[in-house]
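Each remark here refers to the structure printed beneath this line.
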Amino acid sequence: MNSVSNISDLSIALPEIFLSLWLLIFIPLGVYSGGNKLNRQSYFSIFSIIGLLGTLFFLLMGDHRASLGFYDLVVTDKLIIYLKALILFAAIIVLIISERYRSIENLYIFEYPLLILFSILGMLVMLSSNNFITLYLGLELQSLALYVLAAAKKDSLKSSEAGLKYFILGALASGFFLFGVSLLFGITGTTSFTILSFNYLNPNEVSLLLIFSIILIISSIAFKLSIAPFHMWTPDVYEGAPTSITAYFAIVPKIAAIGVLMRILYIAFIDINFIWLQLVLVLGLLSIFVGAFGALLQKNIKRLLAYSAISNIGYIFLALSLGNQLGLESSLLYITIYAISSIGVFTFILSMEKDNIMLENISSYAGLSKSNPFYAVCLGILLLSMAGLPPLAGFIAKFYVFKAVITSGYLLTAIIGIIGSVISAYYYLNIIKVMYLDDSDESFIVESKVSMKIILFTSSLFILTFIIFADNIINFMTYISRAIIL
Amino acid sequence: MLPVFFYLFSIIAIFSAIMVITTKNPVHSVFFLILTFFNSTGLFVLMGAEFLAMLLLVVYVGAVAVLFLFVIMMLNIDFSSLRAGMIKNAPLGLLIGAVLLGEIIFSFIGMKYGISEIPGNELFVKLSEIENTRALGNVIYTDYIYLFQCAGLILLVAMIGAIVLTHRRRENVKKQDAVKQTLRDKSDSIEVSKVEIGKGV
């Protein structure tokens, strides 16, 4: 009973341990070295980027084999390592692109990168959880930091509203999650994913209570992923939160929650998949349509991207609802491409600024193709990819999802999903129309940092040329998704 | 011997719980609430749950009840207006009370007793073997060290978040800076200038 964790246990959680120690150094450093001064902000950003790079280093240098640690509370395998690396990479990019926005909007607080780092730590804990308790603690660590970040712009009413809305609904979702987990514990006597997967859940004896608890757990994760019908908070929070935080919300926590959902569905509840298959399928289709129709009339680009995120995560749900290897692979491919194209789109939005005012209305992008052709071309590529135009990356991602759906024998589902995809193409193309065909009275030249230009260029180049190395990436996804399918 | 203390603690607990909702003065209410907590602590000690007992004392009496007292004294709420709807709301209150009572009764009827009925009962520590503070300490710092540290980080984030959201750096606040005061000297505080007659400075 009194044995301490051994060294191999510590090496499993080395990235998390490193990041938390880095955070503990960060706090006194921020407090005692002028954390709220304008000229110090870039130092803190660099400091946190170095922390994330260090975490990435320990993650990639560590053991890649599947193993359990800390009395089976923590797990690691290739899939987890891939998703963690994606999260760290995306977070570094978001920190870089939010620099300029923070100086425009006077967000001179060192807690901004600090809280981002805390939420990253929460996501890492979430992803490597092998137990519902670990998952819950990771989820709360992540969410608490995100609530505060949403309300970070203290002088803005909308930002405070966004923070409060997110907090109240998020607390409700956490309550659902705990209720579901406590029911599950009452039924089976365990909260460990691996123990649950070893026939603790007998497919022949499924009680109503078990179905209820699984629905509660899935809906709380669906809330975090802003899946319809739990999407109500998304447009308001995306609009109200500072834009750089919106970028962060739209990209990074989604990857973590998808990874967690994969682990819950494909490891803990795989024996009783007939309970959740249809549930996840319906949630996926519903979000595709809610996202497609909700975005049609949006004037604000942040609200539009909120609906776009809803429908994009819907496709991932569609793929996950297949319950097989193909679904897992295609959802991994989809989340990767979604993350990279969202990085591009948000880099564009964060560069759009005229006289120190951020341009958030779609109509203000009129005539952009003449005044700023570079930005117009990059955003055009990214949006065409999101609309699913071949041969761009977004098309390949959607193609693989629908191919997996059809191969698994759900032709009708695939047709409905494709209809949703066609509807959502309208509003992506509408932005391109505004940029290329509409005239504007006043033109402006976007002056942005070189780093942002490079990020925008690289992400659109990746989306454009994805088809050349698509085979390698898909093989890689197959390789890592084998970690989870037993 | 034990039943005497059990009845003593329970009777005082029930009596003071009734007094919490019937007494006129809200400050007295809070004091009766504290008395209720103390007696519940006694009941926990009788059951051998000394850790829970101390937790109740520290958290509820030490923090929550004192917080209530602060709120009552700070906010200056007009309690007579709150009591005005007492008769009107009584049926609703009784209904909710009846539903809760019914739930308790039904769950007692449906409950299966005995340690073998609890799923995962092999996890439980034998009662006589080890006192429960030590048992908790044994698992918190070994088996659940990862979770314990995570919980600590969550509390840290909550603290930082509260500071971020409420702390405002106010401009033009005149603070006393002792170092600055003692370090100032004549040359940078007094300027001697020759004023010509009839011109001013």
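Starting from the Cα of A:Tyr436, step 7 Å toward the Cβ, then list every residue of the stretch A:358-373 with an amide N under 19 Å from that point.
It comes to A:362-373, nothing else.
Can you spot the lysines whose alpha carbon is less than 22 Å from A:Lys158's alpha carbon? Ignore those fewer than 8 places along the same chain.
A:Lys224, A:Lys299, A:Lys302, A:Lys354
Pick from B:Leu52, B:Leu147, B:Leu95: which is most flexible by mean-square fluctuation in a GNM of chain B where alpha carbon atoms under 10 Å apart are linked?
Maximum fluctuation in the GNM of chain B, among the listed residues, is at B:Leu95.
Could you work out the per residue convex hull volume over the alpha carbons of the stretch A:91-169, in cubic angstrom? The partial results should precede the final answer.
Details: hull volume 6.4 nm³, N = 79.
Cα-based convex hull of the stretch A:91-169, divided per residue, equals 82 Å³.
For the stretch A:252-311, what is one quarter of the convex hull surface built on the Cα atoms, given in nm²?
In nm², the orientation-averaged hull projection of the stretch A:252-311 is 4.4.
Rounded, prolate or oblate, given the Cα gyration tensor of the stretch B:1-75, with a/c below 1.5 counting as rounded? Present the calculation step by step, with values, prior to reporting the outcome.
On the way: a/c = 4.81, a/b = 1.54, b/c = 3.13.
Note, shape of the stretch B:1-75 comes out oblate.
For the pair B:Phe6/A:Ile454, report the inter-label distance in nm, with labels modelled 7 Å from Cα in the Cβ direction.
7.5 nm
Which value in deg cm²/dmol, rounded to the nearest 500, describes the helix-derived mean residue ellipticity at 222 nm for chain B, given -39,500 (n - 2.57) per DSSP H run of n ≥ 4 and division by the residue count?
That calculation yields -20500 deg cm²/dmol at 222 nm.
List the residues, sorted by chain then number, that are 5 or more residues from A:Val74 or on another chain and whose placed amide H is less than 5 Å from its amide H.
Counting only residues 5 or more places away or on other chains, the set is A:Gly69, A:Asn130.
With N denoting the number of residues in the protein assembly as shown, provide Rg(C-alpha) divided by 2.2 N^0.38 Å, to two decimal places.
In units of the 2.2 N^0.38 Å rule of thumb, it is 1.11.
With no solvent and one equal point scatterer per Cα, compute the Debye intensity ratio I(q)/I(0) for the stretch A:293-384 at 0.17, 0.20, 0.24 Å⁻¹ and report its log10, rounded to two decimals.
-0.81, -1.00, -1.25
For the pair B:Met111 and B:Ala162, how long in nm is the line joining their label points, each one 7 Å along Cα→Cβ?
Result: 3.5 nm between the two label points.
Most mobile of B:Ile18, B:Ile154, B:Ile72 per a Gaussian network model of chain B (Cα springs, under 10 Å)?
B:Ile154
Mean residue ellipticity at 222 nm from the helices of chain A, using -39,500 (n - 2.57) per DSSP H segment of n ≥ 4 over the full residue count, to the nearest 500 deg cm²/dmol?
Helix contribution divided over all residues of chain A: -25000 deg cm²/dmol.
Between B:Ile18 and B:Phe70, what is the label-to-label distance in nm when each label sits 7 Å out along the Cα-to-Cβ direction?
Spacing of the two 7 Å Cα→Cβ label points: 3.4 nm.
How many angstrom separate the Cα center of the stretch B:155-201 from the Cα center of the stretch A:11-76?
37 Å
Given a Förster radius of 56 Å and the C-beta distance between B:Thr133 and A:Phe57 as r, what FRET efficiency does 1/(1 + (r/R0)^6) yield to the nearest 0.05?
Efficiency at R0 = 56 Å is approximately 0.85.
Tell me, what is the FRET efficiency for B:Gln181 and A:Tyr32 to the nearest 0.05, using R0 = 25 angstrom and their Cβ-Cβ distance as r?
0.65
For chain A, what relative contact order do you get, as a whole percent, if you take Cα pairs closer than 8 Å and at least 6 residues apart?
Answer for chain A is 14 percent.
Assuming 0.36 nm per residue, please report the length gained on full extension of the stretch A:Asp72 to A:Asp155 beyond their Cα-Cα distance. Don't skip to the answer; put the middle values down first.
Numbers: separation 83, 0.36 × 83 = 29.88 nm, distance 4.53 nm.
Going from the current span to full extension adds 25.4 nm.
How big is the stretch A:15-85 in terms of Cα radius of gyration and Dmax, in angstroms?
Calculated on Cα positions, Rg and Dmax stand at 15.4, 46 Å.
Using a ≥ b ≥ c from the Cα gyration tensor of the stretch A:344-485 (square roots of the eigenvalues), is it rounded, prolate or oblate, where a/c under 1.5 gives rounded and otherwise the larger of a/b and b/c decides, a/b for prolate?
prolate
Take the Cβ-Cβ distance between B:Glu50 and A:Arg65 as r, set R0 to 51 Å, and report the resulting FRET efficiency rounded to the nearest 0.05.
So, using R0 = 51 Å, E works out to roughly 0.70.
Using modelled backbone amide H atoms (1.01 Å from N, in-plane), which distant-in-sequence or interchain residues come within less than 5 Å of A:Lys354's amide H?
HN-HN under 5 Å from A:Lys354: A:Leu359.
For the stretch A:88-176, what's the relative contact order in percent, using C-alpha pairs closer than 8 Å and at least 6 residues apart? Present the calculation step by step, with values, prior to reporting the outcome.
Working: 75 pairs, mean separation 18.7, N = 89.
Relative contact order here is 21 percent.
Within the stretch A:331-395, report the chymotrypsin sites (Phe, Trp or Tyr not before Pro) that DSSP leaves as loop and that have at most 11 other Cβ atoms within 10 Å.
Within the stretch A:331-395, no chymotrypsin sites (Phe, Trp or Tyr not before Pro) qualify (loop, at most 11 other Cβ atoms within 10 Å).
Counting other beta carbons within 10 Å of each residue's own, what order do A:Lys37, A:Lys453, B:Lys174 fall into, fewest first?
Going from sparsest to densest Cβ surroundings: B:Lys174, A:Lys37, A:Lys453.
How big is the charge dipole of chain A about its Cα centre, in debye rounded to the nearest 20, if each Lys and Arg gets +1 on its Cβ and each Asp and Glu gets -1 on its Cβ? Each step should come with its number before you reach the end.
Values: 25 positive and 25 negative charges, 59 e Å.
Here chain A has a charge dipole of around 280 debye.
Looking at chain A, identify the longest residue range that excludes and avoids all GluC sites (Glu not before Pro) in DSSP loops having at most 14 other Cβ atoms within 10 Å.
A:206-441
Throughout, read-outs are computed from the coordinates displayed, never taken from laboratory work. Worth saying up front: this structure is predicted, and the values here are computed from it rather than measured. Reconstructed Cβ throughout: ideal geometry from the backbone, glycine too, with neighbour counts over all protein chains shown.
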